[in-house]
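Please read the structure below before turning to the comments.
The values are calculated or read from the model by the stated rules, or taken from the named source; none is laboratory data. Worth saying up front: this structure is predicted, and the values here are computed from it rather than measured. Every residue, glycine as well, gets a Cβ built from its backbone with ideal geometry; the counts of neighbours run over all protein chains shown. Just the protein is used for accessible areas: all its heavy atoms, side chains included, with ligands, DNA and RNA removed. Shrake-Rupley method; radii C 1.70, N 1.55, O 1.52, S 1.80 Å.
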Amino acid sequence: MAAEKIPYKIYLSEEEMPRTWYNVRADMKNKPAPLLNPATGQPMGYEDLRPVFCDELIRQELDNDTREIPIPDEIRHFYKMYRPSPLVRAYCLEKKLGTPAKIYYKFEGNNTSGSHKLNSAIAQAYYAKQQGLKGVTTETGAGQWGTALSMACAYLGLDCQVYMVKCSYEQKPFRREVMRVYGASVTPSPSTTTQVGRRILAEHPGTTGSLGCAISEAVEKATTTPGYRYVLGSVLNQVLLHQSVIGLESKAALDKYGVVPDIIIGCAGGGSNLGGLISPFMGQKLRGEQDYRIIAVEPASCPSFTRGKFAYDFCDTGMVCPLAKMYTLGSNFIPSPNHAGGLRYHGMSSVLSQLYHDGLMEAVAVEQTKVFEAAEEFARVEGILPAPESSHAIRVAIDEALRCKETGEEKTILFGLTGTGYFDMVAYEKFHNGEMTDTIPTDAELEASFARLPQVPGQD
Ligand SMILES: *Cc1c(COP(=O)(O)O)cnc(C)c1O
(Lines give C-alpha, C1' and ligand atoms only; values in the text may rest on other atoms or scores of the structure.)
Protein backbone atom coordinates (compact mmCIF):
# COMPACT_ATOMS: atom_id res chain seq x y z
CA MET A 1 0.00 0.00 0.00
CA ALA A 2 1.16 3.56 -0.69
CA ALA A 3 3.05 5.22 2.14
CA GLU A 4 0.07 7.17 3.33
CA LYS A 5 0.90 9.23 6.38
CA ILE A 6 -0.60 7.58 9.42
CA PRO A 7 -2.35 10.08 11.72
CA TYR A 8 -1.58 10.42 15.41
CA LYS A 9 -4.98 9.02 16.21
CA ILE A 10 -6.88 6.56 14.08
CA TYR A 11 -10.57 6.89 14.85
CA LEU A 12 -13.33 4.66 13.62
CA SER A 13 -16.80 6.04 12.99
CA GLU A 14 -19.74 4.82 15.05
CA GLU A 15 -20.83 2.84 12.01
CA GLU A 16 -17.50 1.04 11.93
CA MET A 17 -17.81 -0.12 15.54
CA PRO A 18 -18.15 -3.89 15.88
CA ARG A 19 -21.69 -5.32 15.85
CA THR A 20 -20.61 -8.67 17.24
CA TRP A 21 -18.16 -9.80 19.91
CA TYR A 22 -15.62 -12.38 18.79
CA ASN A 23 -15.34 -15.60 20.79
CA VAL A 24 -11.76 -16.83 20.39
CA ARG A 25 -12.67 -20.17 21.99
CA ALA A 26 -14.42 -21.11 18.73
CA ASP A 27 -11.03 -21.18 16.99
CA MET A 28 -9.08 -22.91 19.77
CA LYS A 29 -8.22 -26.55 19.08
CA ASN A 30 -7.56 -27.15 22.78
CA LYS A 31 -10.55 -25.58 24.52
CA PRO A 32 -10.15 -24.04 27.96
CA ALA A 33 -10.89 -26.61 30.67
CA PRO A 34 -14.42 -26.47 32.16
CA LEU A 35 -15.21 -25.08 35.61
CA LEU A 36 -15.51 -27.89 38.15
CA ASN A 37 -17.80 -28.29 41.12
CA PRO A 38 -15.43 -28.39 44.12
CA ALA A 39 -17.66 -30.85 45.98
CA THR A 40 -17.99 -33.45 43.22
CA GLY A 41 -15.08 -32.72 40.84
CA GLN A 42 -17.62 -32.74 37.98
CA PRO A 43 -17.85 -30.04 35.25
CA MET A 44 -20.36 -27.34 36.11
CA GLY A 45 -23.24 -27.01 33.66
CA TYR A 46 -25.83 -24.33 33.10
CA GLU A 47 -28.10 -25.41 35.98
CA ASP A 48 -25.19 -25.64 38.45
CA LEU A 49 -24.16 -22.05 37.77
CA ARG A 50 -27.64 -20.49 37.87
CA PRO A 51 -27.64 -19.64 41.61
CA VAL A 52 -24.52 -17.50 41.10
CA PHE A 53 -24.56 -15.99 37.60
CA CYS A 54 -27.14 -14.45 35.24
CA ASP A 55 -28.63 -16.92 32.77
CA GLU A 56 -27.45 -15.35 29.51
CA LEU A 57 -23.97 -14.81 30.91
CA ILE A 58 -23.76 -18.52 31.79
CA ARG A 59 -24.64 -19.35 28.18
CA GLN A 60 -21.79 -17.12 27.03
CA GLU A 61 -19.47 -18.61 29.64
CA LEU A 62 -20.09 -22.17 28.44
CA ASP A 63 -20.18 -21.44 24.69
CA ASN A 64 -16.92 -22.66 23.18
CA ASP A 65 -18.30 -22.86 19.65
CA THR A 66 -20.14 -19.73 18.49
CA ARG A 67 -17.56 -17.53 16.81
CA GLU A 68 -19.56 -14.31 16.69
CA ILE A 69 -22.09 -13.17 19.27
CA PRO A 70 -24.25 -10.12 18.46
CA ILE A 71 -23.82 -7.04 20.68
CA PRO A 72 -27.37 -6.02 21.73
CA ASP A 73 -28.42 -2.55 20.51
CA GLU A 74 -28.74 -1.13 24.02
CA ILE A 75 -25.15 -2.11 24.82
CA ARG A 76 -23.90 -0.66 21.52
CA HIS A 77 -25.80 2.49 22.36
CA PHE A 78 -24.01 2.74 25.72
CA TYR A 79 -20.67 1.97 24.04
CA LYS A 80 -21.20 5.00 21.79
CA MET A 81 -20.94 7.31 24.82
CA TYR A 82 -17.22 6.54 25.05
CA ARG A 83 -16.33 4.37 22.06
CA PRO A 84 -14.81 3.85 19.60
CA SER A 85 -11.69 4.43 21.67
CA PRO A 86 -8.68 5.96 19.95
CA LEU A 87 -5.83 3.96 18.51
CA VAL A 88 -2.82 6.22 18.91
CA ARG A 89 0.45 6.15 16.99
CA ALA A 90 3.05 6.98 19.65
CA TYR A 91 5.13 9.24 17.38
CA CYS A 92 6.38 11.28 20.36
CA LEU A 93 7.50 8.23 22.31
CA GLU A 94 9.21 6.75 19.23
CA LYS A 95 11.12 10.00 18.76
CA LYS A 96 12.10 10.20 22.42
CA LEU A 97 13.38 6.62 22.36
CA GLY A 98 15.10 7.10 18.99
CA THR A 99 13.73 3.76 17.86
CA PRO A 100 12.94 2.60 14.33
CA ALA A 101 10.03 0.65 15.83
CA LYS A 102 6.50 1.86 15.15
CA ILE A 103 4.44 1.94 18.32
CA TYR A 104 0.64 1.99 18.57
CA TYR A 105 -1.52 1.92 21.66
CA LYS A 106 -5.24 1.41 22.14
CA PHE A 107 -6.40 3.81 24.85
CA GLU A 108 -9.28 2.57 27.01
CA GLY A 109 -9.12 5.25 29.72
CA ASN A 110 -11.47 7.70 27.98
CA ASN A 111 -14.42 7.26 30.34
CA THR A 112 -15.18 8.21 33.95
CA SER A 113 -14.35 4.76 35.32
CA GLY A 114 -10.96 5.28 33.72
CA SER A 115 -10.47 1.80 32.30
CA HIS A 116 -11.58 -0.88 29.85
CA LYS A 117 -13.77 -2.52 32.52
CA LEU A 118 -16.84 -0.57 31.42
CA ASN A 119 -16.95 -2.71 28.23
CA SER A 120 -17.96 -5.77 30.23
CA ALA A 121 -19.76 -3.96 33.08
CA ILE A 122 -22.48 -2.65 30.76
CA ALA A 123 -22.90 -6.07 29.14
CA GLN A 124 -23.23 -7.87 32.47
CA ALA A 125 -25.60 -5.28 33.93
CA TYR A 126 -27.69 -5.43 30.74
CA TYR A 127 -28.23 -9.20 30.96
CA ALA A 128 -29.03 -8.95 34.69
CA LYS A 129 -31.67 -6.33 33.90
CA GLN A 130 -33.07 -8.45 31.03
CA GLN A 131 -33.53 -11.28 33.50
CA GLY A 132 -35.57 -9.03 35.79
CA LEU A 133 -33.07 -9.08 38.66
CA LYS A 134 -33.04 -6.42 41.39
CA GLY A 135 -29.31 -6.05 41.61
CA VAL A 136 -25.81 -7.48 41.45
CA THR A 137 -22.93 -7.94 43.86
CA THR A 138 -19.25 -7.82 43.05
CA GLU A 139 -15.77 -7.24 44.40
CA THR A 140 -13.31 -4.57 43.45
CA GLY A 141 -9.59 -4.37 44.06
CA ALA A 142 -8.04 -1.16 42.84
CA GLY A 143 -11.57 0.18 42.27
CA GLN A 144 -11.88 0.39 38.50
CA TRP A 145 -14.25 -2.55 38.16
CA GLY A 146 -16.50 -1.38 40.99
CA THR A 147 -16.66 2.06 39.43
CA ALA A 148 -17.44 0.69 35.98
CA LEU A 149 -20.17 -1.57 37.33
CA SER A 150 -21.67 1.28 39.37
CA MET A 151 -21.90 3.39 36.22
CA ALA A 152 -23.53 0.58 34.24
CA CYS A 153 -26.01 -0.23 37.03
CA ALA A 154 -26.94 3.43 37.49
CA TYR A 155 -27.65 3.70 33.76
CA LEU A 156 -29.95 0.66 33.82
CA GLY A 157 -31.52 1.22 37.25
CA LEU A 158 -30.03 -1.84 39.01
CA ASP A 159 -28.82 -2.00 42.62
CA CYS A 160 -25.05 -2.48 42.93
CA GLN A 161 -23.28 -3.82 46.05
CA VAL A 162 -19.50 -3.70 45.99
CA TYR A 163 -17.03 -5.45 48.31
CA MET A 164 -13.85 -3.41 48.09
CA VAL A 165 -10.49 -4.86 49.18
CA LYS A 166 -9.83 -3.16 52.52
CA CYS A 167 -6.42 -1.68 51.71
CA SER A 168 -7.85 0.00 48.59
CA TYR A 169 -10.93 1.17 50.50
CA GLU A 170 -8.61 2.98 52.91
CA GLN A 171 -6.01 4.16 50.37
CA LYS A 172 -8.47 5.27 47.72
CA PRO A 173 -11.34 7.13 49.39
CA PHE A 174 -12.05 9.03 46.18
CA ARG A 175 -12.61 5.82 44.22
CA ARG A 176 -15.12 4.83 46.87
CA GLU A 177 -16.93 8.15 46.57
CA VAL A 178 -17.12 7.91 42.78
CA MET A 179 -18.92 4.58 43.20
CA ARG A 180 -21.31 6.23 45.64
CA VAL A 181 -21.97 9.04 43.15
CA TYR A 182 -23.32 6.30 40.89
CA GLY A 183 -25.46 4.92 43.71
CA ALA A 184 -23.47 1.80 44.68
CA SER A 185 -23.06 0.66 48.28
CA VAL A 186 -19.43 -0.07 49.13
CA THR A 187 -18.24 -2.38 51.96
CA PRO A 188 -14.58 -2.89 52.90
CA SER A 189 -13.56 -6.57 52.65
CA PRO A 190 -13.10 -8.77 54.62
CA SER A 191 -16.21 -7.62 56.48
CA THR A 192 -18.53 -8.95 59.14
CA THR A 193 -21.51 -8.86 56.74
CA THR A 194 -20.85 -12.42 55.47
CA GLN A 195 -19.99 -15.76 57.04
CA VAL A 196 -16.90 -16.15 54.90
CA GLY A 197 -15.74 -12.64 55.77
CA ARG A 198 -16.06 -13.37 59.49
CA ARG A 199 -14.12 -16.63 59.01
CA ILE A 200 -11.28 -14.93 57.11
CA LEU A 201 -11.09 -12.18 59.75
CA ALA A 202 -10.80 -14.83 62.48
CA GLU A 203 -8.05 -16.72 60.60
CA HIS A 204 -6.08 -13.63 59.50
CA PRO A 205 -6.71 -10.86 62.03
CA GLY A 206 -5.66 -7.45 60.70
CA THR A 207 -5.56 -8.61 57.06
CA THR A 208 -5.82 -5.84 54.48
CA GLY A 209 -7.80 -8.19 52.27
CA SER A 210 -7.35 -9.52 48.76
CA LEU A 211 -9.41 -9.87 45.63
CA GLY A 212 -9.90 -13.54 46.45
CA CYS A 213 -11.50 -12.67 49.84
CA ALA A 214 -13.73 -10.01 48.34
CA ILE A 215 -14.94 -12.43 45.66
CA SER A 216 -15.97 -14.95 48.33
CA GLU A 217 -17.97 -12.29 50.16
CA ALA A 218 -19.70 -11.00 47.04
CA VAL A 219 -20.66 -14.53 45.92
CA GLU A 220 -22.08 -15.35 49.35
CA LYS A 221 -24.07 -12.13 49.39
CA ALA A 222 -25.53 -12.78 45.92
CA THR A 223 -26.49 -16.38 46.61
CA THR A 224 -28.17 -15.52 49.92
CA THR A 225 -30.11 -12.46 48.67
CA PRO A 226 -33.21 -13.08 46.50
CA GLY A 227 -33.15 -11.29 43.13
CA TYR A 228 -29.38 -10.85 43.12
CA ARG A 229 -26.56 -12.44 41.14
CA TYR A 230 -22.82 -12.12 41.27
CA VAL A 231 -20.79 -10.50 38.49
CA LEU A 232 -17.02 -10.55 37.96
CA GLY A 233 -14.91 -8.02 36.09
CA SER A 234 -12.14 -10.25 34.78
CA VAL A 235 -10.91 -13.86 34.47
CA LEU A 236 -14.17 -15.38 33.14
CA ASN A 237 -14.62 -16.40 29.50
CA GLN A 238 -17.63 -14.06 29.16
CA VAL A 239 -15.53 -11.06 30.22
CA LEU A 240 -12.89 -11.81 27.59
CA LEU A 241 -15.70 -12.10 25.08
CA HIS A 242 -17.05 -8.61 25.90
CA GLN A 243 -13.54 -7.17 25.89
CA SER A 244 -12.96 -8.45 22.36
CA VAL A 245 -14.39 -5.08 21.31
CA ILE A 246 -10.92 -3.66 22.12
CA GLY A 247 -9.13 -5.98 19.72
CA LEU A 248 -11.79 -5.75 17.02
CA GLU A 249 -11.62 -1.95 16.98
CA SER A 250 -7.81 -2.02 17.04
CA LYS A 251 -7.67 -4.39 14.12
CA ALA A 252 -10.26 -2.43 12.12
CA ALA A 253 -8.25 0.78 12.65
CA LEU A 254 -4.93 -0.82 11.67
CA ASP A 255 -6.52 -2.50 8.65
CA LYS A 256 -7.57 0.94 7.36
CA TYR A 257 -3.90 1.76 6.87
CA GLY A 258 -2.71 -1.74 6.01
CA VAL A 259 -0.68 -1.94 9.22
CA VAL A 260 0.07 -5.40 10.60
CA PRO A 261 1.60 -5.53 14.09
CA ASP A 262 4.56 -7.82 14.77
CA ILE A 263 4.27 -7.73 18.55
CA ILE A 264 1.14 -7.31 20.68
CA ILE A 265 1.58 -6.51 24.36
CA GLY A 266 -0.84 -6.21 27.27
CA CYS A 267 -0.78 -6.26 31.04
CA ALA A 268 -2.34 -9.29 32.69
CA GLY A 269 -4.21 -9.30 35.98
CA GLY A 270 -7.02 -11.76 35.37
CA GLY A 271 -6.46 -11.47 31.64
CA SER A 272 -9.51 -9.59 30.37
CA ASN A 273 -7.93 -6.63 28.59
CA LEU A 274 -5.15 -8.75 27.14
CA GLY A 275 -7.60 -11.44 26.08
CA GLY A 276 -9.83 -8.82 24.47
CA LEU A 277 -6.99 -7.01 22.72
CA ILE A 278 -5.43 -10.13 21.25
CA SER A 279 -8.64 -12.03 20.40
CA PRO A 280 -9.00 -11.28 16.67
CA PHE A 281 -5.24 -11.49 16.15
CA MET A 282 -5.05 -14.77 18.06
CA GLY A 283 -7.96 -16.01 15.94
CA GLN A 284 -5.88 -15.43 12.79
CA LYS A 285 -2.93 -17.14 14.42
CA LEU A 286 -5.05 -20.14 15.43
CA ARG A 287 -6.47 -20.41 11.92
CA GLY A 288 -2.95 -20.25 10.45
CA GLU A 289 -3.59 -16.97 8.60
CA GLN A 290 -1.01 -14.74 10.26
CA ASP A 291 1.62 -14.99 12.97
CA TYR A 292 2.11 -12.53 15.82
CA ARG A 293 4.30 -12.39 18.92
CA ILE A 294 1.96 -11.92 21.85
CA ILE A 295 3.31 -10.93 25.27
CA ALA A 296 1.50 -10.89 28.62
CA VAL A 297 3.09 -8.63 31.24
CA GLU A 298 2.59 -9.32 34.92
CA PRO A 299 4.04 -7.92 38.15
CA ALA A 300 7.04 -9.75 39.62
CA SER A 301 5.19 -9.60 42.95
CA CYS A 302 2.23 -11.63 41.61
CA PRO A 303 3.69 -13.75 38.77
CA SER A 304 0.85 -16.16 37.86
CA PHE A 305 2.07 -17.06 34.35
CA THR A 306 5.82 -17.02 34.83
CA ARG A 307 6.01 -18.79 38.19
CA GLY A 308 2.53 -20.25 38.70
CA LYS A 309 1.26 -23.78 38.19
CA PHE A 310 -1.23 -24.81 35.47
CA ALA A 311 -3.75 -26.54 37.70
CA TYR A 312 -7.31 -26.52 38.94
CA ASP A 313 -7.70 -24.01 41.74
CA PHE A 314 -10.30 -21.96 43.52
CA CYS A 315 -11.02 -18.54 42.07
CA ASP A 316 -11.44 -17.12 45.58
CA THR A 317 -9.83 -17.33 49.00
CA GLY A 318 -12.91 -18.55 50.84
CA MET A 319 -13.15 -21.57 48.48
CA VAL A 320 -16.83 -21.03 47.72
CA CYS A 321 -16.37 -20.59 43.95
CA PRO A 322 -16.03 -23.27 41.25
CA LEU A 323 -12.58 -24.61 40.41
CA ALA A 324 -10.95 -23.21 37.27
CA LYS A 325 -7.96 -24.65 35.45
CA MET A 326 -5.49 -21.85 35.12
CA TYR A 327 -1.99 -20.61 35.85
CA THR A 328 -2.24 -19.92 39.56
CA LEU A 329 -0.14 -19.03 42.56
CA GLY A 330 -2.68 -20.76 44.80
CA SER A 331 -5.86 -19.22 46.14
CA ASN A 332 -4.14 -18.71 49.51
CA PHE A 333 -1.48 -16.52 47.96
CA ILE A 334 -1.88 -12.92 49.12
CA PRO A 335 0.48 -10.56 47.27
CA SER A 336 2.52 -8.06 49.23
CA PRO A 337 0.35 -5.08 50.21
CA ASN A 338 3.18 -2.74 49.13
CA HIS A 339 2.42 -3.65 45.53
CA ALA A 340 0.67 -0.69 43.91
CA GLY A 341 -2.46 -0.89 41.86
CA GLY A 342 -4.17 -3.93 40.42
CA LEU A 343 -2.86 -7.11 38.81
CA ARG A 344 -2.89 -8.69 42.28
CA TYR A 345 -5.05 -11.68 41.41
CA HIS A 346 -3.61 -15.14 42.17
CA GLY A 347 -5.02 -16.81 39.05
CA MET A 348 -5.50 -16.11 35.35
CA SER A 349 -8.15 -16.51 32.64
CA SER A 350 -8.56 -20.18 31.60
CA VAL A 351 -8.55 -19.11 27.94
CA LEU A 352 -5.22 -17.30 28.21
CA SER A 353 -3.81 -20.05 30.42
CA GLN A 354 -4.56 -22.65 27.73
CA LEU A 355 -3.12 -20.45 24.97
CA TYR A 356 0.03 -19.86 27.02
CA HIS A 357 0.29 -23.55 27.84
CA ASP A 358 0.05 -24.33 24.11
CA GLY A 359 2.93 -21.95 23.34
CA LEU A 360 0.78 -19.44 21.48
CA MET A 361 1.82 -16.51 23.67
CA GLU A 362 4.68 -15.46 25.96
CA ALA A 363 4.77 -13.85 29.39
CA VAL A 364 7.22 -11.64 31.26
CA ALA A 365 7.24 -10.40 34.86
CA VAL A 366 8.42 -6.87 35.66
CA GLU A 367 9.28 -5.05 38.89
CA GLN A 368 7.15 -2.13 39.93
CA THR A 369 9.90 0.51 40.17
CA LYS A 370 10.77 -0.23 36.53
CA VAL A 371 7.07 0.01 35.69
CA PHE A 372 6.77 3.48 37.22
CA GLU A 373 9.91 4.64 35.39
CA ALA A 374 8.24 3.61 32.15
CA ALA A 375 4.98 5.27 33.20
CA GLU A 376 6.70 8.62 33.67
CA GLU A 377 8.74 8.38 30.52
CA PHE A 378 5.49 7.74 28.65
CA ALA A 379 3.48 10.47 30.43
CA ARG A 380 6.12 13.11 29.71
CA VAL A 381 5.97 12.66 25.95
CA GLU A 382 2.51 11.20 25.22
CA GLY A 383 0.67 13.31 27.79
CA ILE A 384 -1.60 10.63 29.25
CA LEU A 385 -1.13 9.80 32.95
CA PRO A 386 -1.22 5.98 32.81
CA ALA A 387 -2.62 3.58 35.40
CA PRO A 388 0.06 1.48 37.13
CA GLU A 389 -1.52 -1.66 35.63
CA SER A 390 -1.32 -0.28 32.10
CA SER A 391 2.25 0.81 32.73
CA HIS A 392 3.34 -2.82 32.87
CA ALA A 393 2.53 -2.98 29.15
CA ILE A 394 4.29 0.35 28.56
CA ARG A 395 7.43 -1.04 30.23
CA VAL A 396 7.65 -3.99 27.87
CA ALA A 397 6.66 -1.94 24.80
CA ILE A 398 9.54 0.43 25.58
CA ASP A 399 11.92 -2.50 26.16
CA GLU A 400 10.96 -4.05 22.82
CA ALA A 401 11.32 -0.68 21.06
CA LEU A 402 14.79 -0.23 22.57
CA ARG A 403 15.73 -3.70 21.37
CA CYS A 404 14.74 -2.59 17.86
CA LYS A 405 17.02 0.40 18.29
CA GLU A 406 19.93 -1.96 18.91
CA THR A 407 19.15 -4.30 16.03
CA GLY A 408 17.81 -1.68 13.61
CA GLU A 409 14.61 -3.68 13.10
CA GLU A 410 11.50 -1.69 12.19
CA LYS A 411 9.03 -3.77 14.16
CA THR A 412 5.44 -2.65 14.63
CA ILE A 413 4.33 -2.85 18.25
CA LEU A 414 0.75 -2.65 19.49
CA PHE A 415 0.02 -2.38 23.19
CA GLY A 416 -3.07 -1.93 25.33
CA LEU A 417 -3.18 1.25 27.41
CA THR A 418 -5.97 0.12 29.69
CA GLY A 419 -6.55 3.17 31.85
CA THR A 420 -5.62 6.35 33.63
CA GLY A 421 -3.86 6.71 36.97
CA TYR A 422 -5.56 9.68 38.65
CA PHE A 423 -6.54 7.56 41.65
CA ASP A 424 -3.07 6.06 41.98
CA MET A 425 -1.22 9.16 43.09
CA VAL A 426 -0.26 7.59 46.45
CA ALA A 427 1.71 5.01 44.48
CA TYR A 428 3.27 7.71 42.29
CA GLU A 429 4.11 9.63 45.47
CA LYS A 430 5.93 6.62 46.92
CA PHE A 431 7.82 6.26 43.67
CA HIS A 432 8.86 9.94 43.72
CA ASN A 433 9.96 9.74 47.35
CA GLY A 434 12.07 6.68 46.64
CA GLU A 435 9.92 4.63 49.01
CA MET A 436 8.72 2.13 46.44
CA THR A 437 10.14 -1.35 46.79
CA ASP A 438 9.67 -4.59 44.89
CA THR A 439 8.52 -7.50 46.99
CA ILE A 440 9.05 -10.66 45.02
CA PRO A 441 7.76 -13.91 46.55
CA THR A 442 10.39 -16.54 47.34
CA ASP A 443 10.21 -20.05 45.89
CA ALA A 444 9.51 -21.34 49.41
CA GLU A 445 6.50 -19.02 49.74
CA LEU A 446 5.12 -20.18 46.42
CA GLU A 447 5.73 -23.86 47.24
CA ALA A 448 3.82 -23.43 50.49
CA SER A 449 0.91 -21.99 48.55
CA PHE A 450 1.06 -24.71 45.84
CA ALA A 451 0.96 -27.37 48.57
CA ARG A 452 -2.55 -26.20 49.38
CA LEU A 453 -3.90 -26.50 45.84
CA PRO A 454 -7.08 -28.60 45.79
CA GLN A 455 -6.74 -32.28 44.90
CA VAL A 456 -8.59 -33.02 41.68
CA PRO A 457 -8.70 -36.54 40.15
CA GLY A 458 -6.47 -36.83 37.08
CA GLN A 459 -4.10 -34.01 38.06
CA ASP A 460 -0.50 -34.36 39.15
C1 LIG B 1 -8.47 -4.19 36.05
C2 LIG B 1 -7.44 -3.52 35.26
C3 LIG B 1 -6.41 -4.25 34.66
C4 LIG B 1 -6.22 -5.72 34.82
O5 LIG B 1 -7.29 -6.57 34.58
P6 LIG B 1 -7.34 -7.54 33.36
O7 LIG B 1 -8.58 -8.32 33.56
O8 LIG B 1 -6.11 -8.40 33.40
O9 LIG B 1 -7.40 -6.70 32.15
C10 LIG B 1 -5.50 -3.56 33.88
N11 LIG B 1 -5.57 -2.23 33.74
C12 LIG B 1 -6.55 -1.50 34.32
C13 LIG B 1 -6.55 -0.01 34.12
C14 LIG B 1 -7.50 -2.12 35.08
O15 LIG B 1 -8.47 -1.39 35.65
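Miscellaneous remarks
- Farthest positive-ward along the chain dipole, Cα basis, beta-carbon charges - from 312, 119, 387: 119
- Shape analysis of the chain places it in the rounded category; the axes a ≥ b ≥ c from the Cα gyration tensor give an a/c below 1.5.
- The H on the amide N of residue 21, modeled in the peptide plane, is under 5 Å from the matching H of 69, 71, each at least 5 residues off or on a different chain.
- Where both bridge residues fall in the chain, DSSP classifies roughly 35% of the beta bridges as antiparallel.
- Helix-derived mean residue ellipticity, 222 nm - over the chain, DSSP H n ≥ 4, -39500 (n - 2.57), to 500: -12000 deg cm²/dmol
- Along its principal axes, segment 1-133 has C-alpha extents of 58, 34, 28 angstrom, given from the largest down.
- 5 angstrom amide H check on residue 312, placed H, neighbours 5+ away: 326
- Taking label points 7 Å from Cα along the Cα-to-Cβ direction, residue 37 and residue 455 give a separation of 2.0 nm.
- Largest first, the residues 129, 80, 134, 106 sort by 1.4 Å accessible area into 134, 129, 80, 106.
- Karplus-derived 3J(HN,Hα), 6.51/-1.76/1.60, for each residue of segment 263-268, Hz, glycine and proline x: 10, 10, 10, x, 6, 10
- If you sort 439, 418 by accessible surface, 1.4 Å probe, largest first, the order is 439, 418.
- Pairs exceeding 29 Å between alpha-carbon atoms, taken from 117/309; 256/370; 80/370: 256/370; 80/370.
- Euclidean distance of C-alpha centroids, segment 254-309 and segment 166-196, integer Å: 32
- Note that segment 187-295 presents 30 Å² accessible area per residue, ligands and nucleic acids not counted, probe 1.4 Å.
- Cβ-derived FRET efficiency at R0 30 Å, residue 110 paired with residue 48, nearest 0.05: 0.20
- Under the Karplus curve 6.51 cos²θ - 1.76 cosθ + 1.60, θ = phi - 60°, whole-Hz ³J(HN,Hα) for segment 107-124, x wherever Gly or Pro sits: 9, 9, x, 7, 8, 4, 5, x, 8, 5, 4, 4, 4, 8, 4, 5, 5, 5
- Antiparallel DSSP beta bridges within segment 268-364, as percent of all bridges there, nearest 5: 65
- When the Cα gyration tensor is reduced to axis lengths a ≥ b ≥ c, the ratio a/c is 1.5 or higher for segment 325-459, and with a/b not above b/c it is classed as oblate.
- Which of 327, 11 is most accessible, then next, and so on - probe 1.4 Å: 11, 327
- 3J(HN,Hα) along segment 79-86: 3, 5, 5, 9, 10, x, 8, x Hz, from the Karplus curve 6.51 cos²θ - 1.76 cosθ + 1.60 with θ = phi - 60°, whole Hz, x for Gly and Pro.
- Fraction of alpha-carbon pairs over 19 Å apart in segment 127-230 - percent: 38
- Residue (of 236, 202, 292) at the positive-pole extreme of segment 197-300, dipole from beta-carbon charges: 202
- Three-way shape label, segment 173-246, alpha-carbon gyration tensor, a/c 1.5: prolate
- Mean projection area, nm², convex hull over Cα of segment 185-304: 10.4
- Database remark: amide H of residue 140 closer than 5 angstrom to the amide H of 163, 164, 165 (H placed geometrically; neighbours at sequence offset of 5 or more, or on other chains; Pro and chain starts carry no H).
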